[in-house]
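Written below as structure tokens is the structure these notes are about.
Bear in mind these aren't lab numbers, they're just calculated from the coordinates by the rules spelled out. If you're wondering where the values come from, they're calculated on a predicted model, not measured in any experiment. We place every Cβ from the backbone using ideal geometry, glycine too, and count neighbours over all the protein chains shown.
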Amino acid sequence: MSSGGWSSREHRRSVLWIVALSTVAIIFDGYDLVVYGTVLPTLLADSTQLGALDPATAGALGSYALVGVLVGALLAGAFGDRIGRRRTMLTCIVWFSVGMAATALVPNIATFGALRFLTGIGVGGLVATVGAMIAEFAPAGKRNLFNAIVYSGIPAGGVLASIAAITLEDAIGWRGLFWLGALPLVVLLPLAVLRMPESPRWLLARGRVADAESVCARTGIPMPEEEANETGNRVGFAALARKPLRRPTALLGLMSFSGLLLTYGLNTWLPQIMSEAGYNAKGSLSFLLVLNGGAIVGGLLASRVADRTGPQKVITVTFGLAALSLIVLTANLQLGILLTAVAGAGVGAIGTQVLIYGFVSNYYPTTARAAGVAWCAGFGRLGGIFGPLIGGLLLGAGIASSTAFYLFAGVALLGALVTTTVPKRRAAPQVTPPAAASMAAVDQRR
């Protein structure tokens, strides 16, 4: 194995293709989930677009996509450990792209809400699948980094949505912004069909040794070591409900609940809160840009530390950073300090969720990995659903925005506390499969 964990140039090239395709897919997932927040001021101000819309209804609409994400994540967990990573991922790319295109054509609020839900199913399935993909393809010393790169696509999609809204909404309207979200159907899907292989580790876990060898020979990816069977004949969610995975699964779900409540509460309502604080439309959208930009940079830096020290301590610290930053936002401070606090909140909220996905992806054995990531993505979406609802209810009741920030800070502190209680997991013993053992023997004789 050469420096950096690569066995060959072909190995490196194949894995980087997988990381790149997964990242682009997640960027469009993030775009889909954040674009609603960017068009919300327009929909609230102009009843001719979809109909009269009040803050409470707007908050509910923001949650419909997240309910769909919950359903999609759980479906991906139910099927991803059985039908494979590749098939699940390709299906989800098609699903959410078609959903975005259909949303651009809706005539009223009811249809808009229904399509936000349906689109969310594809988004949730993809978010739950890519973590398992990266955990099974990335070299051991780069797993947190590559997970952070891929899941940073969510805030990168938020940045893309913010920039598109600032620069293009006047020209193409809010419907045009949704049409942009359908581009993966024509620019990403063909590449994914060609360059996204099935996971050899998943194939081994399903007893398909010959297929795993074929994928490895074609892509240059080393034949993985076969994991000892920790879950018996239980696969997917059935394995999560038994020891030793039952307790950590509950705690990891609570971590994701906290991270996603912060992520979607802030992404949905930060522009409107800042608008009510006196900033114009483009100025309030700039806060959303800083929030997601801070998450990308901070999440990537934190992932490098996590690869060296382990993700658990890093996640605890970043949750604490979110709480501190949100409290600072309640003070009447200079713009530069507020922007710094918003960036810190992005690192501590969205960046933390990126780290959580990496932590979860590498915590579970292959037979339960897709289900474990899906559980955390799905149960976490309950937090994502509550985030927009809480913001809408508070603002609709005329309560000061500082109250929402204090509430979000409390959620961040809860997330930090839960993180410290997740039990350490010892690496599962591994068994070299006969085919790999014979290949190793040949290499030694050379």
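Arg218 to Arg304: extension gain in nm, 0.36 nm per residue of separation minus the Cα-Cα distance?
27.9 nm
Would you mind ranking Cys216, Cys92, Cys376 so that the residue whose beta carbon has the fewest other beta carbons within 10 Å leads the list?
Going from least to most buried by this count: Cys216, Cys92, Cys376.
Which value in Å is the Kirkwood Rh of the chain over different Cα pairs?
Roughly 21.9 Å, rounded to one decimal.
How big, on average over all directions, is the shadow cast by the Cα convex hull of the stretch 296-371, in nm²?
Over all viewing directions, the stretch 296-371 projects a mean Cα-hull area of 5.5 nm².
Which FRET efficiency value, to the nearest 0.05, is calculated for Ala140 and Ala52 with the Förster distance at 45 angstrom and r the Cβ-Cβ distance?
Plugging the Cβ-Cβ distance into 1/(1 + (r/R0)^6) gives 0.25.
Of Ala371, Ala104, Gly392, whose Cα points farthest to the positive end of the dipole of the chain (charges on the beta-carbon: +1 Lys, Arg; -1 Asp, Glu; origin at the Cα centre)?
Ala371
Could you identify which residue out of Gly220, Gly51, Gly299 has the top mean-square fluctuation in a GNM of the chain using Cα springs shorter than 10 Å?
Looking only at Gly220, Gly51, Gly299, the biggest GNM fluctuation is shown by Gly51.
Take Thr129, Thr340, Thr88, Thr421 and order them by how many other Cβ atoms sit within 10 Å, fewest up front.
If I rank by nearby Cβ atoms, fewest first, I get Thr421, Thr340, Thr88, Thr129.
Specify whether the C-alpha gyration tensor of the stretch 14-85 places it in the rounded, prolate or oblate class, a ≥ b ≥ c being the square roots of the eigenvalues: rounded for a/c under 1.5, otherwise prolate if a/b is larger than b/c and oblate if not.
In terms of gyration-tensor shape, oblate.
So how strong a dipole does the chain carry about its Cα centre when Lys and Arg Cβ are +1 and Asp and Glu Cβ are -1, to the nearest 20 debye?
1460 debye
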